[in-house]
Each structure stands twice: as C-alpha cells, then as structure tokens.
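> Quick one: structure below, then a few questions.
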Amino acid sequence: MRIHKVYTRTGDRGDTGLVGGSRVPKDSLRIESYGTVDELQAFLGVLRAALSEADRHPETCGACIAALHQVQQDLFDLGSTLATPPEHLDRVKNPVTAARIAWLEESMDAWNEALPPLRSFILSGGGRFSAASHVARTVCRRAERVVLRLAREEEVPAEVLRYLNRLSDFLFVLGRHLAQVFGEEEPLWETPLQG
C-alpha cells in the first residue's frame, strides 16, 4: 500500500468510500465504528510512548510496549473489517480471529496472578501509566457500543465484538499491572453498593 497524497478532496461533501467502492456519509454508524476504533488505537499509542520514556522497569515496559503494538496492529485489522460492507468481507486480508482473543485472555491471566483481589471499583488517576490504560479502556467500551449498534443494522463478524469486549478487560488488567509495577496508587470507589 502506498499513500502519495493525504488529501483526495473526495470527501469534501461529507461522504467517504468503503472497501468495494460504495460511499457513505461520514457520520454513518460504520464510519463512527472504525473511527472510534482508530481513536482507541491512538490512545494506545500515547500509552506506548509514555512507557518508552519510562526510566524504570525496562523489562516490563518492553513487554507492555510489544503487547500494545500487537493490539494496535489488531485494531487496524479490525478497522479494515469495519470499513468493509458485508458483501465484500471476503476482501479482508487479516481478519480478527479467535486466536487473537485467546492471546488477550492469556496475557490477562498472566498479569492477574500477581494482582491483589479488588474490594471495589478503581478510580482512574492513581498514576500516569494506569490512568492512560483506563482512558483507553473507556474508549474501547465506547467502540464496542458503537459496533454493537452497527451489528444491529448490518452484518459484523462476531469476532469483532468479542475482541473489543475482551480488549477492554485486557486494558483494565493492564492498568492494574502497571500500577503494581510502578507503585502507583489504585484509588477505590468508596460508596458501598446497596444490597
């Protein structure tokens, strides 16, 4: 793939092209879906950049940077699926698979083994690494909601929703893992739930 020009002028009237050549309004659910996935990918880039500048725990940082890089790759693949109408899904070169979802689960399980159990919900802001992961988690949940709305109107491969659902859990556990490694606080919600 080569990108020679960033601007094409083809979207100046508020529509854009999908895989297969059809054009849709830029505020359609399909565009909002892959746009929100791209926003999530960009937030993960912010977390990667912060970890690459960390002056402690290089081994953990390196492993987390590699994991986040893989997730960013997955999100671009997932976005290409979302940019493809159902009648052209056979053109998707690298669809999200059950193996990628299993990798998210295995990563979470490994981090979770060393984490203390929770007694309440975590408030974001205990430290810059965990906070960045929690911001990404909330963007992931929003992406999942938008894709769910799209799936009610058009065919969306089931793995797309499963991946986003698992990824938000992955980002939650990653935030906790980073808080533990860097000695960041995990402030808890203090209001008890009524039983």
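The values are calculated or read from the model by the stated rules, or taken from the named source; none is laboratory data. Just so we're clear, the structure is a prediction, and the values are computed from it rather than from any experiment. Positions of Cβ are generated from backbone atoms using ideal geometry, with glycine treated the same way; all protein chains shown enter the neighbour counts. These area figures cover heavy atoms from the full protein model, side chains too; ligands, DNA and RNA do not enter into them. Shrake-Rupley method; radii C 1.70, N 1.55, O 1.52, S 1.80 Å.
> Whether any residue in segment 80-89 is surrounded by fewer than 16 Cβ atoms within 10 Å (Cβ to Cβ) and more than 15 Å from residue 159 (Cα to Cα) is what I want to check.
Yes, the conditions are met somewhere in segment 80-89.
> Provide a single number: the residues in segment 143-168 that are farther than 17 Å from residue 97 by Cα and basic (Lys, Arg).
Total meeting the criteria: 3.
> While we're here: Answer yes or no as to whether residue 144 is closer than 30 Å to residue 28 by Cα, open to solvent by 30 Å² or more (accessible area, probe 1.4 Å) and in contact with a helix residue (DSSP H, G or I) (Cβ under 9 Å, 6 or more places away or on another chain).
So residue 144 passes the test.
> Can you tell me how many residues within segment 147-171 are over 10 Å from the mean Cα position of the chain (by Cα), without any contact (Cβ under 8 Å) to a residue 60 or more places away in the chain and either buried (at least 19 other Cβ atoms within 10 Å of the Cβ) or within 20 Å of residue 73 (Cβ to Cβ) (or both)?
1
Residue-by-condition table, conditions (1) closer than 22 Å to residue 81 by Cα; (2) at pLDDT 60 or above:
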| residue | (1), (2) |
| --- | --- |
| 21 | yes, no |
| 28 | yes, yes |
| 37 | yes, yes |
| 45 | yes, yes |
| 49 | no, yes |
| 54 | no, yes |
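> Take residue 62 and tell me if it is surrounded by fewer than 16 Cβ atoms within 10 Å (Cβ to Cβ) and modelled with pLDDT of 95 or more. Give the derivation first.
Details: surrounded by fewer than 16 Cβ atoms within 10 Å (Cβ to Cβ): yes; modelled with pLDDT of 95 or more: yes.
When the stated conditions are applied, residue 62 passes them.
> Can you name the condition, by its number, that residue 55 falls short on among (1) under 18 Å from residue 156 (Cα atoms); (2) open to solvent by 30 Å² or more (accessible area, probe 1.4 Å)?
Of everything listed in (1) under 18 Å from residue 156 (Cα atoms); (2) open to solvent by 30 Å² or more (accessible area, probe 1.4 Å), residue 55 misses just condition (1).
> How do the pairs read when you match residues in segment 55-75 that are over 18 Å from residue 101 (Cβ atoms) with residues anywhere that are not in a helix (DSSP H, G or I) and not aromatic (Phe, Trp, Tyr), using Cβ under 8 Å and keeping only pairs 6 or more apart or on different chains?
Note: pairs meeting the criteria are 61/54.
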